[in-house]
Amino acid sequence: MATLVDYRGLQVVSPNPTGAGGLAIQNDLKSLVEWGPKSVWSQSASPGSSDDSGSEFYPGSLWLRTDTTPPQLFVCRSSAVGAAVWLPVLLNLVQDTAPKLGGDLDVNGHKIVGPVGVNVTPAALGALESRSTSGPQVVASYDGSNYGTISVSSSGVVTINAVGTAPSVAIADPLSVTQSTNAALTSQVQNANGGAGAVAIQKVVADVAQGQLAAYSSGYSGSLASTVMICSTVSAPLLFGINSAEVGRWSTGLNLQFNAGATSPTLAAAAADIVSLCGIDKAAGDRRLYVQSEAGSSISLGNDRLNFAAATGIASIGGSDTLWVTSGKLGIGVTPSDTLHVSGTAQITGHLAIGTTVTTTEAIRLAPTTSGGSVQMGILGAPTFGSDCTSDGFVMLLSGATTAASYTLANLWSIAVGDAVKGAGSTITNLYGVQIADQTQGTNNYGLQSQVSAGTNKWNLFIAGSAKNYVAGSVGLGVSSPLAKLHVVDTTEACRFGYDGSNYWNSAISSTGMVTLTAVGSTPGFTFANPVLVNNPAAGIGYTTGAGGSVTQATSKTTGVTLNKICGRITTSNSSLLSTQYASFVLTNSAIAATDVLVINHVSGGTVGVYTFNAAAGTGSATVTIRNGSLGTLTEALVLQFVVVKASIT
């Protein structure tokens, strides 16, 4: 005989039902109980293969180890006895392998680890490289009318050009050259268009044991109202030469001042030992700095050209590269502590790639190889908001936009998490698309908050993947403080479970707590695979108001009656019924099936207790038989209460 046994808090039949339907429903209920697996917290060791179903762990169980920093979270993948498999869960956000920045880059005092290339793949030419074939590679501007450009031609000519109301290029600070003995510093100044002040060099400091400073002029006979100051702190000769073939190119407007260490720009007493004038061949191979006008010059100052041709180890500007720093550090607005150190703001108009090749389809592409710690991050966003930020502080705000052109964009993703690329031989234990750490510092803490309003084709949460979904905490639908694992609040249809859009059942709860379950479909109804038990002593199982009805029999106790209700009352005729005799009539009722059972009670009218009743169910009707069990004839109208109990013979 079947009995009820406890199965993980649920009453089930034992032994299992033999019918396929009953067994399937019982198994479904067991699976429903097992869906919320056991989880443990504040552990000091990792789970092992013995933490299996024998210990009430099942797939989906969680295990939190809190003795490590950061804490380690494990999830049970399979729970076979003695062979349980637990997988660690990352508690950090996984870096997107193809991030995109939708706006300007604000370095804000932080370093960019290079090399950095703008419209070019960074190579060994320098920490920062900008490439363009259609215009200047670098533009520095005061406004739209006053600016300077640096351009490099296809043959390696570098042109520095000043544009404005009074354009010029000025080197305002000392130019210091430190080289070995017999090193040469050669310069050539040209202004093919004529005019004063083509180049203004305020001060040149050459602190060398012995060197040569040669000034050339080619194709210019105008006046240079400029001052060149040459200083040396050593007593060895400092040689300054004017190309003998082009002496006539200079005018007295060029002031050459020499200082052997004194603070004032005058010649020292032993000037003959300090300064000498000589001719220097432009083709000499030992020049370290020269300005030339020949084709192929690397940097252009308007019509004047400056070429750092042999500055190995210092800087190389020319060829196909705009700027090449072979070693050392570059600081903009600050003494550099890194290869490139910028103090203030930075703006890149174009594309930026770090650790990879720059492409025009990505505003920023980050693919560096990180190292130096067991925890590494592709992007770390940890800004400190100022005290004037009192409304909203965004660590990252992503909002895409389309151009004004008429076209259709199939998909716009504000955040898209791609699959990881696993290197050969490596193993990723747990791969997380998005992981949100515990939020504790707010008055209200939200792991994920969406504000998409209701509307056609609008969803706050749309999970299209077929993988399982797991929620450890309570879920509230229509209520912000759920009191159970699933808490649904609605004034009409609270929940619906369906086979499809036409066959389903729903539930609704009234303001008084009355629960209404409604089955909808071609043959709606409810089937319970297990016993339905009521433990309220004041409640019971029955039919609510509206389910019943009443009918009165006419003529005699054998006259048929019709009442299409699942329950109700029948008032019989008061015709006579002899002692121990029977009278039968047909109750036509569409609610009755041939396998049903009718329960009939004599509730009033006539002599209660002397009659017996029987009902034989048929399809859409039942035959009711009344027997007079008394010793005499009875002429009474009987009030009979009946209820139809649905049954089955299979």
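Points worth noting:
- Relative contact order of the stretch 473-525, pairs being alpha-carbon contacts under 8 Å that are 6 or more residues apart, as %: 22
- J(HN,Hα) series, the stretch 543-556, from Karplus relation 6.51 cos²θ - 1.76 cosθ + 1.60, nearest Hz, glycine and proline x: 10, 8, 4, x, 7, x, x, 9, 8, 10, 6, 9, 6, 8
- In sequence order, calculated HN-Hα J values of the stretch 408-425 (Karplus, 6.51, -1.76, 1.60; Hz; x Gly/Pro): 10, 9, 5, 9, 10, 10, 5, 9, 10, 9, x, 6, 6, 9, 9, x, 4, x
- Proximity of backbone amide H atoms, modeled 1.01 Å from N, is registered between Ala591 and Lys565 at under 5 Å, excluding neighbours fewer than 5 places apart on the same chain.
- Built amide H within the under 5 Å cut-off of Arg365, gap 5+: Leu352, Ala353, Ile354
- Stretch gain in nm, segment Val421-Leu517, where the contour uses 0.36 nm per residue and the Cα spacing is subtracted: 29.5 nm
- Near Gly560, the amide H atoms lying under 5 Å from its own belong to Val586; only residues 5 or more places off or on other chains count, and H is placed 1.01 Å from N.
- Compactness of the stretch 473-525 - radius of gyration and Dmax, Cα, Å: 12.8, 38
- Here the 3J(HN,Hα) profile of the stretch 59-71, calculated from phi with Karplus coefficients 6.51, -1.76 and 1.60 at θ = phi - 60°, is x, x, 4, 10, 9, 9, 9, 9, 8, 10, 10, x, x Hz, Gly and Pro shown as x.
- When you filter the trypsin sites (Lys or Arg not before Pro) in the stretch 428-504 for DSSP loop state and at most 16 other Cβ atoms inside 10 Å of their Cβ, you are left with Lys458, Lys468, Lys485.
- Here the simple spin-label model places points 7 Å from the Cα toward Cβ, and for Thr650 and Cys389 these points are separated by 7.0 nm.
The numbers here are math on the coordinates, done by the rules we state, and not lab data. Since the structure is predicted, the reported quantities are computational estimates derived from the model, not experimental observations. Please note: Cβ atoms are built from the backbone with ideal geometry, for glycine as well, and neighbour counts cover all protein chains shown.
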